[in-house]
Amino acid sequence: MNPPVVSVIIAVDDPVDWSPLGIESVLDQRLHAGELEVIAVASGAAASMVEDVARSRRGVRVVAGQPGGGAAVANAGIDHARGRYLYFMDPGDRLHPDHLPRLVVLAERTKADVVVPVSAGEDCGFRRPPSDRERVGLFDSSVYDDLGSSKLFRRGFLADWGLRFGSGDRVIGGRAFVAHTLVHARTVSIASGLEAVAGARPRSTRRGGDPAEAVTEVDKLALFLAQHFEPGERRDRLIRRHVEVEVVSEAIAGSWLDADEPLRARLSETAGAFLRRWLTPGVMAALPPTHRLIAHAVMKGDGEAVRELVRQYRSQATPEVLVESGRVFAVLPYFRAGADFPDELYDVTASLSPRHGMSVAQLDGDVLRLAGFAYLPCLDATDQTVTVLVRSADGGLLRRIPAEWTSTPDLTVRHGYGRYDYSRAGFAAAIDVAAIARAHRDDAGPLRLDIEVAVSGVVASAPLGTRRVRGLCLPRSSRLVGAADGAAVVRTGEADDGALRLDVSRGLADRVAVLVSREATSTGLTLTVRGDLVNLPHGVIGEVALIGGDTTRHVPALLERGDTGYLLTAKLPPPRLFLGRGVWRLGVRFRWADGEVVSPIRGTDDTVVTMIGRPSIAALLARITGRAVES
């Protein structure tokens, strides 16, 4: 019997976490018979409950967990698993029927060691339907922010590296295991658009344990990262996550107010040593202000200040801000109360980013019209200015387009909670795409749009997109702009960071023509080409262009236009009689009274379609004589 494709390991060491609905959702996965095995590993009081539920469900194997808590239970599942892939599932979670099939298909295609499922999120504006990311790294994605173990792991990869859950995973919830896999993995993929229903209680409340011991385990994890990454921005980015989440938020803020004096003393000593070792200036600058202050107070050994700052953190109250000389400070406890708490701990200027939404995004002839709102959090918008920034693919600034302000009285209540005046946060901007194309001799290529907000001397920018707005989208077809003066083709899209993107091409537009069919007959060759270019000018003529070196030949074609694109059909004479020797590239040309645009014809494999012209005299002689002849 062939081994299963995927083994789902459900580790249960607390009866309260167990739900039979979780196992049923796994058995409902759309996988073929024999491709799935479910291993329920139970220990302690949960064992009898899991065995009773599993007996009535075929395909579920119950394994007795070893003493030692969650890590030992999970490792027992690894030892008994036979699948090519392992998926660790929280006992209270439920999966969509396509959850595991999507992960497995992606892992097979990319040969990934780890596949991270990501929920679809909100379907907004310019966003394309969720798309998988076949290969991501620790520093070009947010995979390290989620160290939960509900991911797909290649079992052979875990065996090669000897990766298992350690004793520290009992304290910090499997995060050390996942961190090791992400660092060692050759390929990590992200499967987007997957939904899982989490258990009733957050995982962070299930762990409990000694907070000082948790800090010790995080210190071991930081040492592991230090062995693999030199000091600097990359290491800081990874360690920042552990400082903020496990140490400050969970160990200190999560236990300080309820701990007795001996535990607070032990936690202060352990956390203080950890922070003095790993809290570099780069990590400190990346923390939220309340976390900075708590960490600072712990390192100073000021228990009373830690207590006050933790109260502030737990209250989740939005602090007042002070704007001074272009800097923004969060007015939190001990602000300017003395030299012990310097201003830089309260400075949030670098972290400010415009919040914005879009209500209009449409191409109107040669002009892209945008409208919506934008503001800086916690700052009144009464005297702000908004500017749309047009940037090249490498981030270089190409053009600044001032926006007009519009009235948005409802935002003060909806977003400002009555505390901040956002009644003038609306904006409207018009971008002359044709003018941008004319400003560049060569193809402008992919341009991205950012939005910049300036208020009270504070300036911040962010990618201009529409992630938070439903039902707003630009047409996904290519459009012609500047037909009367330097034609260009523009296609709208979205950059990786969510910014609205414009792909602008002048003269030789790319990815506008795709070869649908090529039929050879005794009299020649019939080509059918399809493209998404719309709004072609009145009286346009379509042709097939054959480009060989410095020579270009044009063949008339039948052009059919539609709302979503065009269909072009051309009949060519036999290429070996019609074309000179060599390789000829194929394209389409659209010409009208005062302009034209040319695009390469690409095949379904995205390569430019080519033809071979008539053979050289040397090649003909070689065919006749049956031997090679020098040309």
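The values are calculated or read from the model by the stated rules, or taken from the named source; none is laboratory data. Quick caveat, the model's predicted, so the values are computed rather than measured. Here Cβ is always computed from backbone atoms with ideal geometry, including for glycine, and neighbour counts include all displayed protein chains. Only protein heavy atoms, including side chains, enter the accessible area calculation; ligands, DNA and RNA are left aside. Shrake-Rupley method; radii C 1.70, N 1.55, O 1.52, S 1.80 Å.
Would you please give the residues with an amide H less than 5 Å from that of Arg399, counting only those at least 5 places away or on a separate chain, with H modeled from the backbone geometry?
Here the answer is Val390, since their amide H atoms fall under 5 Å of that of Arg399.
Please list, in chain and number order, the residues 5+ apart from Gly465 or on another chain whose amide H is under 5 Å from its amide H, with Hs placed from the backbone.
Leu500
Give a residue-ordered list of calculated ³J(HN,Hα) values for region 269-276 (Karplus: 6.51 cos²θ - 1.76 cosθ + 1.60, θ = phi - 60°; whole Hz; x for Gly, Pro).
Taking θ as phi minus 60°, the curve returns 5, 5, 5, x, 5, 4, 5, 5 Hz for region 269-276.
Roughly how much of Met284 is accessible, in Å² to the nearest 10, using a 1.4 Å probe?
Answer for Met284: close to 30 Å² accessible.
If I stretch the segment between Glu304 and Glu134 completely, what's the gain in nm (0.36 nm per residue apart, minus their alpha carbon distance), one decimal?
Details: separation 170, 0.36 × 170 = 61.20 nm, distance 4.91 nm.
Length gained between Glu304 and Glu134: 56.3 nm.
Simple spin-label model, 7 Å along Cα-to-Cβ: Thr569 to Gln362 in nm?
Here the modelled spin labels are 3.5 nm apart.
Work out how much length Ala593 to Ala430 would gain on full extension: take 0.36 nm times their residue separation and subtract the Cα-Cα distance, in nm to one decimal.
In short, 55.9 nm is gained.
From the phi angles alone, apply the Karplus equation (6.51, -1.76, 1.60; θ = phi - 60°) to region 97-109 and give each ³J(HN,Hα) in whole Hz, x where the residue is Gly or Pro.
x, 9, 4, 5, x, 4, 5, 5, 4, 5, 5, 5, 6
By how many nm would the segment from Glu51 to Thr552 grow when fully extended, if each residue of separation counts as 0.36 nm and the alpha-carbon distance is taken off? Could you put the intermediate results ahead of the total?
Details: separation 501, 0.36 × 501 = 180.36 nm, distance 7.58 nm.
Extending this stretch completely gives an extra 172.8 nm.
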